[in-house]
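Heads up: the structure comes next, in structure tokens.
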Amino acid sequence: MVYFILVLVAAIEVIVLLINRPVFANIPYVQVYIVPLLVVIVITMLLSRNPKRFMRWFKQGLITISVVVLVFVPVLYAKNLPLYGYNEAKKMLAQREQLLLSQFQKGKYVYPAKDSPKKYRYLFKVNRGNGMLEYVFDPYTGGYEVVTDVIKK
């Protein structure tokens, strides 16, 4: 029963991570959090198939490590989540700059931050008159700036 619960919890966490992935344009990288959960699932399934094959202390150690991973992965993921999702940021930018949502180019773009290589920003491309503006939005603070003003020819 313990093995079933561990696999179930890990599977639910993987599903939640995959659901959240498009909301935040894969910031932070979901793959970093999914890999340990998949390892927990594999180890737990191996333990459940041959429980007598492993020594008792080894089994208990693996189960303890699995529980620790299942607790800390969502905590770390929640700690690193940005304050604003991609669509939230787009609506906020449209409201502040008095833009229409139809002016934004389709697609989700992510831009690496200059100050921190591990942090990313949302990049919005906006058609405005004869030109195109690119805005970089910081999903952690809500700040933004115009990066380029490209004129169509």
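Structure notes:
- Among residues of the range 79-95 being under 12 Å from PHE24 (Cα atoms), outside any loop (DSSP other than H, G, I, E, B) and not aromatic (Phe, Trp, Tyr), the one that is modelled with the lowest pLDDT is ASN80.
- Candidates LYS59, LYS90, LYS118, LYS106 - the one that is assigned by TED's automatic domain parsing to the domain that holds LEU18 and among the charged types (D, E, K, R): LYS59
- Test: residue in the range 37-49 that is more than 26 Å from the chain's Cα centre (by Cα), exposed (fewer than 14 other Cβ atoms within 10 Å of the Cβ), modelled with pLDDT under 90 and not in a helix (DSSP H, G or I): no
- Scanning the range 102-136 for residues that are among the acidic types (Asp, Glu) and buried (at least 16 other Cβ atoms within 10 Å of the Cβ) yields one hit, GLU134.
- Among the candidates GLN60, GLN31, the residue that is among the polar types (S, T, N, Q) and within 13 Å of the chain's Cα centre (by Cα) is uniquely GLN31.
- Residues in the range 1-10 that are touching a helix residue (DSSP H, G or I) at 6+ places or on another chain (Cβ under 8 Å) and either outside any helix (DSSP H, G or I) or closer than 17 Å to PHE72 by Cβ (or both): LEU6, VAL9, ALA10.
- Single condition TYR29 does not satisfy, out of (1) surrounded by 14 or more Cβ atoms within 10 Å (Cβ to Cβ); (2) not in a helix (DSSP H, G or I): (1)
The values are calculated or read from the model by the stated rules, or taken from the named source; none is laboratory data. Because the structure is a prediction, the values reported are computed rather than measured. All Cβ positions, even for glycine, are placed from backbone atoms using ideal geometry, and neighbour counts span all protein chains on display.
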